[in-house]
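Derivation of every value follows stated rules applied to the coordinates shown; laboratory data play no part. Just so it is clear, the structure is predicted and the values come from calculations on it, not from any experiment. Quick reminder, even Gly has a Cβ in these numbers, built from the backbone with ideal geometry, and neighbours come from all protein chains shown.
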Amino acid sequence: MNEKEILKQHSIIIKLILNKRLKEALKKLEDQINLGSTIELRNEHSQISTSYFYMLKYMAQGVDDPERHKLHNKLLRDTLTLNDRVKVILLDSVSNRFYYQSRLELKSSTPIKYDEIQKTLENFKDDYAIGSLMDYSKLEPILKNRESSNKKLFYNVWLNIRWSQDDVTHIESILNSSRISHVDKGLLITAITFSLLECFDEEKIKVLLNAYNNPTIEVKQRALVGIAIIFQKYSEWISLFSDICARIEFLNELDSFGDHLNNAYTQLIRSQDTEEIERKMKEEIFPEVMKTASSLKKFDFDDLEASDGDMRNWEEKLEDSDFADKIKEMQEMQKQGEDIYMPTFSLLKNYPFFNEFHHWFYPFDKSLSCIIEELGIDDEEQGSVIDLFLNTNVFCNSDKFSLCFMLKDVPQVYKKKIISELSESEQEEGKRQLYSIIKDPKLIINQYVHDLYRFFKLHSKRNDFEDIFKIKMNLHQIPILKNVLYKTKHLSFLADFFLFKERYLEAIEVFQILIEEMGINSFLTYQKYGFACQREKRFPEAIKAYLKADLISPSSLWIHRNLALCYRRIQSYEKALEYYKKVEEVQPNHKNTLYYIGVCLTNLEQHDEALNYFFKLDLMNSRSIRTWRSIGWCSFLSGKLEQSERYYSKVLEKSPHMIDYLNSGHIAWASKKIETAIERYKKALELCESRDVFIEKMNSDKKHLIQQGIHEEEIPLLIDLI
């Protein structure tokens, strides 16, 4: 059986289990095990099957077992986890994916010794302090030993599909050790997360949940991101695991847990829009910045003779250009947590450092051997400027490594110039501010999610992994997290977030929960919900929401304007006119309002009144093609052909559309100018998508042509003349 067939059977078995068709699932799983598996897995399958057989037998005998439901759930979850492990074992022999090739390599390596690894990591700080005082040749083995230990630990955790109690004890000991750096612990948390992405293991999830209470903030926040990702991946399974449910309930007693998990959740959602951010940066922001930079080159800022007037002219030009707006937009996106540096740093992941899989997830650390080899450890001046660049929250960890490797190619004279321009007090103040910022939990989550995004989008083996940023995130709908995220404050934030990101379908779902389940009946909630429905062209739903908002605040101009729009879009012109009139009372000279009042009156066949509005618009702006077009068409409908021709002639002299040639053809035909009509119809046909579309539009205007004296029998004849 090839990889595709193994994965297909694996998915079929999962669906059977989740539909509680356990007997069928066990039979299919037995077939998979018989293809090639271990004695341990065969025995486990036999135990599950035997337990289920007797459970059904006792039920058939009418035995009343109060524990039957618990046993059934246990058998369901045991079968789920067994199915996952069987999948991995079968794929070991057929898959070329990086994960399975790495598992084959691990089998030939020396078994891991947790105690030795923990000792190495705990002693590193002291060893480094001593070694850094000596020649680099003395320090290098210390660095390499720690990095080798981290690599062994990462791969063993990542590739181990089922932890024993001994594994759990040792991993918890490493995570809880106060002598081990947050760098080493953070890398370990990522290994646990990636292991769970390949194969479900209840013990690893418990360790992630326990890590939320870790005193090291980087460990806590990485664990939260891991929890969010894994709970989403196994959203249909997770509620079967009672121990995990109990731990979630325990954590939810902490006020911070829901807030922090919601931060991780929204940042993962935000990162799903990074491709759009990349497009915006490349197509809108970068070109404007480059254009402004090019124009600034023409001005010699080093010219001491430059006058204040010249300088003011340049300042005014900058203010008047789009440059300042684009920079502000970029800064605002960065504040919100958008990944604005992905386009830049995507080109800087070819350094040898990134050839190692686990290096993509390292928290930035200047004590790595590759960093010291490139930048050294003795130059205090260089170290200070590097700290200012690399301890900032602006860049994620992965990009800091890229920046570090790039800095080594910067000539020393430029590095010294940067340092000389920073006074000692500026450097110290910068460090103080950066340190306080970098410890912000939100920023740590943002940086880590950006690290993950770079891996899943840029790593050479990225296609060997399921892209977590393509999974639909809806953590708030997972039953086990209902008491955590299904709260007004979190859902309100999420709904506003989706609305801001123009993800209207998702916003609608959350607003419906807030209104129907949470009982939130505020003006703003109905207003935003209505707007989301309106943007999705769900106009009847939008109208219902707006009407409820109107009951709460009857004087809202915004609500009246959008009610009018929605009624107009469903061709309920009387109701649309009612609300446009309300807007007109407050803004009697608002051009769009006057125009759409005229449109509604036209559709209600109140042509004379409609013309009054259109003529008012023409007086306000005598060059509006839209107004000319409206007067022309309304005049035609009311039989004022000469007036209609006069205004459509003005339209045809400017920038006519297909519909203008079509309508002006109608006017010419009704005015007995058949040659002019044919000429205009031909131009309309040229601009039409196809002849069929042209004929459809002619037929849709048949009623109006007949009203203006055209015989119905002549319409198909004229069409054939075109």
Only counting other Cβ atoms within 10 Å, I'd like 218, 172 sorted with the fewest neighbours first. 172, 218
Name the residue farthest towards the positive end of the dipole of the chain from the options 158, 114, 606, assuming +1 on Cβ of Lys and Arg, -1 on Cβ of Asp and Glu, about the Cα centre. 606
Compute the angle between helix 255-271 and the longest alpha-carbon principal axis of the chain, please, reported from 0 to 90 degrees and rounded to the nearest 10. 60
Tell me, what does the Kirkwood hydrodynamic radius of segment 656-722 come to in angstroms if you use every pair of distinct C-alpha atoms? 11.5
Projected label distance in nm at residue 68 and residue 41, using a 7 Å step from Cα toward the beta-carbon: 3.2
About the Cα centre of the chain, how large is the charge dipole given +1 on each Lys and Arg Cβ and -1 on each Asp and Glu Cβ? Please answer in debye to the nearest 20. 2280
What is the angle, in °, between the Cα long axis of helix 380-390 and the longest principal axis of the Cα atoms in the chain? Nearest 10 is fine, range 0 to 90. 50
Taking a threshold of 22 Å on the Cα-Cα distance, which of the pairs 482/544; 87/151; 582/616; 582/650; 206/482 fall above it? 482/544; 87/151; 582/650
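As an exercise, use a Förster radius of 41 Å and the Cβ-Cβ distance of residue 649 and residue 690 to find the FRET efficiency, rounded to the nearest 0.05. The partial results should precede the final answer.
Numbers: r = 28 Å, r/R0 = 0.68.
The pair residue 649/residue 690 has a calculated efficiency of 0.90.
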How large is Rg/Rh for segment 14-156, to two decimals, with Cα atoms and a Kirkwood Rh? 1.24
Can you pull the one-decimal nm distance between simple spin-label points at residue 465 and residue 165, each 7 Å off the Cα toward Cβ? 3.3
For residue 642 paired with residue 350, estimate the spin-label separation in nm (one decimal), with each label point 7 Å from Cα along the Cα-to-Cβ line. 7.6
Positive-end residue of 95, 644, 32, charge dipole of the chain with Cβ unit charges: 32
When N is the residue count of segment 462-536, what does its C-alpha Rg come to as a fraction of 2.2 N^0.38 Å? 1.22
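Given 0.36 nm per residue, what is the gain on full extension from residue 134 to residue 714 after removing their alpha carbon distance, in nm?
Here the segment from residue 134 to residue 714 would lengthen by 198.6 nm.
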Please give me the summed charge of the neighbours of residue 93: other residues whose Cβ is under 15 Å from its Cβ, Lys and Arg +1, Asp and Glu -1. +2
Note the full-extension length gain between residue 273 and residue 54 as 0.36 nm times their separation in residues minus their Cα-Cα distance, in nm to one decimal. 73.7 nm
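Rank these for me by crowding, 404, 396, 199, going from fewest to most other beta carbons within 10 Å. Mind showing how you got there, number by number?
Details: 404 21, 396 24, 199 18.
So the ranking, lowest neighbour count to highest, is 199, 404, 396.
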In this model, which of 27/457; 548/581; 591/640 are farther than 30 Å apart at the alpha-carbon? 27/457
The chain - mean residue ellipticity at 222 nm from DSSP helices (-39,500 (n - 2.57) per run, n ≥ 4, rounded to 500): -22500 deg cm²/dmol
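Efficiency by 1/(1 + (r/R0)^6): what FRET value for residue 523 and residue 586, r their Cβ-Cβ distance, R0 = 22 Å, to the nearest 0.05?
Values: r = 18 Å, r/R0 = 0.81.
The value I calculate is 0.80.
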Find out how many positive minus negative residues lie around residue 632, taking Lys and Arg as positive, Asp and Glu as negative, among other residues whose Cβ is under 10 Å from that of residue 632. +2
Among 80, 707, 404, which residue has its Cα furthest toward the positive end of the charge dipole of the chain, with +1 on Lys/Arg Cβ and -1 on Asp/Glu Cβ? 707
Which translational diffusion coefficient, to the nearest whole µm²/s, is obtained for segment 102-236 from the Stokes-Einstein equation, given a Kirkwood hydrodynamic radius over C-alpha pairs, 10 °C and 1.306 mPa s? 102
Using Cα atoms only, what is the angle between the long axis of helix 658-670 and the major principal axis of the chain, expressed in degrees (0 to 90) to the nearest 10? 20
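Quick one: net charge of residue 482's neighbours, Cβ under 13 Å, K/R +1, D/E -1?
Numbers: positive: 487; negative: 249, 517.
With Lys, Arg at +1 and Asp, Glu at -1, the neighbours total -1.
Quick one: compute a quarter of the convex hull surface over the Cα atoms of segment 3-95 and quote it in nm². Spell out each step's value before the answer.
Numbers: hull surface 22.9 nm².
That works out to 5.7 nm².
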Let me know the whole percent of all Cα-Cα pairs from the chain that are separated by more than 37 Å. 59
